[in-house]
Each structure stands twice: as structure tokens, then as C-alpha cells.
1. Condition check: of a type outside the set (Val, Ile, Thr) and surrounded by fewer than 17 Cβ atoms within 10 Å (Cβ to Cβ). Does Pro171 satisfy that?
2. Residues that are surrounded by 14 or more Cβ atoms within 10 Å (Cβ to Cβ), in contact with a strand residue (DSSP E or B) (Cβ under 8 Å, 6 or more places away or on another chain) and at pLDDT below 95: find the helices (runs of 4 or more DSSP H) completely inside the range 11-127 holding 2 or more of those.
3. Looking at Ser152, is it of a type in the set (Gly, Ala, Ser), touching a helix residue (DSSP H, G or I) at 6+ places or on another chain (Cβ under 7 Å), surrounded by 15 or more Cβ atoms within 10 Å (Cβ to Cβ) and more than 15 Å from Gln93 (Cα to Cα)?
4. Hey, any hits in the range 156-168 for a residue that's closer than 28 Å to Asn186 by Cα, surrounded by 17 or more Cβ atoms within 10 Å (Cβ to Cβ) and touching a strand residue (DSSP E or B) at 6+ places or on another chain (Cβ under 9 Å)?
5. Could you say which residue among Phe192, Phe146 is closer than 22 Å to Thr211 by Cα, out of contact with any strand residue (DSSP E or B) (no Cβ under 8 Å at 6 or more places or on another chain) and touching a residue at least 60 places away in the same chain (Cβ under 8 Å)?
6. Just checking, how many residues over the range 98-139 are over 23 Å from Ala202 (Cα atoms) and charged (D, E, K, R)?
Amino acid sequence: MSMMCSIIALSAKQIAAFRARPSLACGFAQVAVWDASDRRSKAWLERLPAAERQQYEAARRDLKHPDLEKKRALLAPSLSGLGPFEGILDVGQDWHILHYLFTGHSDGSSAPGDALLSGEAIGEDVSGYGPARLHDVEDARAFRDFLTPLSSDVLIRRMDFAEMARLNIYPIVGVVDAEDAQDWRNEITEIFPVLKAYVQGAAEKNEGLLTWIY
């Protein structure tokens, strides 16, 4: 099962509400996890041949998630009073590689740029990998300031695949051949500017950040 990471920018009002009611933050992230999974599933289906896609789509229509929809309905009144939410940024499987490239650490040891694995734990376990983590406005600005001088080229030069495998940087496993190494470089080149722009936008709007692994 893949481990993914998502980030959402939060207004001061939304941060205060999640701190006052941690279960709301957890529920919000859990619903977002299902929605992300659903989007990935739909994208995968769209790449299938028509006949095969119809078969899987029929199976999906028979799959019901009453607990999820019940949770969504229960959360809706509380969330609707918090104003519009920003779009969620899905970092996918690249979160741990990015964390390592930012900090030189494999774990959550405190270091500049550690926002993907640090923050204020809030609520219960989201989906088996711990609670969501909250960063206030000042934290988001600090992360913005850390990311500002970095570029994809700088990060690519830090990619030592043998060292990443030794440190168990997810999802690097064993010896990485030249083709896979280039694929990882391409992924970081693609996702880093998106993450950088997202954090910059949050900081400029005086927003904090919520992250979760799923």
C-alpha cells in the first residue's frame, strides 16, 4: 500500500476551529483521503480500454461507503461555517524524498524545512500513519522562506540514491537503476515548484498549513 502526503492551507479561523475541535481536523483529513483515492481510481480507469473500464466502473458503482458519507454529512455543518477551503495539494509518494532533500534527515528530527514531517499533532490517527499535523501562520512563512532560495536543480544534485536507500527513504528500495533514478528526478522536478508555489501562496494570504500522511 502506497504512503501519500497531502497539504492544505488554512485560514486563521480554520486553524482555530481545528484546534478547538481536533476531531474535526481528523474527520476532514479522513474524508480528503477517500476523495484523493477516488480521484486516483478514476484517473486509472480513464486509461483503460473501454470494455475493461466499463467492467471496473460497474464494480465501483456497487461499492458503497456509508460510514464515509455519514462522516461527510456530519462534518458539513461545522465546516461550512469556516469559509471556503483552499484546494488540497497532493504531494503523492514524493513527500519523504522531499523531506530528506530539504533536511538531510530520514525522520522527524527538528531541522529547517522539516514541515512535511513536523507540526502540531492534532486529532486522532487519520489512516494508520498518525494524526494530521498543523502549522500556524508563522510556521508557514518560515517554510516559505526556507523554500524560496531552493530550485529543482539544487534538489536534484542532492539525490544520492544509494544513501537514500541506506536511510530507508520511502519509497526508495535497494539499488536504483538509471531509468528509475531519472524517473525520480523527473518527479521531483515536477512536484517541487508546485509545492513551493503552494506554500508561498499560503504565506502571502496569512494562512497556515495542515499536512497528513495516508
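The values are calculated or read from the model by the stated rules, or taken from the named source; none is laboratory data. Only a predicted model underlies this, so the values are computations on that prediction, with no experimental measurement involved. Here the Cβ positions follow ideal geometry from the backbone for every residue, glycine too, while neighbour counts run over all protein chains shown.
1. On the way: of a type outside the set (Val, Ile, Thr): yes; surrounded by fewer than 17 Cβ atoms within 10 Å (Cβ to Cβ): yes.
Answer is yes for this residue.
2. Numbers: elements: 12-20, 22-46, 50-61, 66-80, 95-103.
Filter on the range 11-127 gives 22-46.
3. Numbers: of a type in the set (Gly, Ala, Ser): yes; touching a helix residue (DSSP H, G or I) at 6+ places or on another chain (Cβ under 7 Å): yes; surrounded by 15 or more Cβ atoms within 10 Å (Cβ to Cβ): yes; more than 15 Å from Gln93 (Cα to Cα): yes.
In short, yes.
4. First, pick out the residues of the range 156-168 that are closer than 28 Å to Asn186 by Cα: 156-168.
Adding the requirement that they be surrounded by 17 or more Cβ atoms within 10 Å (Cβ to Cβ) leaves 159, 161, 164.
Filter once more, so that each one left must be touching a strand residue (DSSP E or B) at 6+ places or on another chain (Cβ under 9 Å): none.
Scanning the range 156-168, I find no residue that is closer than 28 Å to Asn186 by Cα, surrounded by 17 or more Cβ atoms within 10 Å (Cβ to Cβ) and touching a strand residue (DSSP E or B) at 6+ places or on another chain (Cβ under 9 Å), so the answer is no.
5. Details: Phe146 fails: touching a residue at least 60 places away in the same chain (Cβ under 8 Å).
Criteria check complete, one pass: Phe192.
6. Number satisfying all stated conditions: 3.
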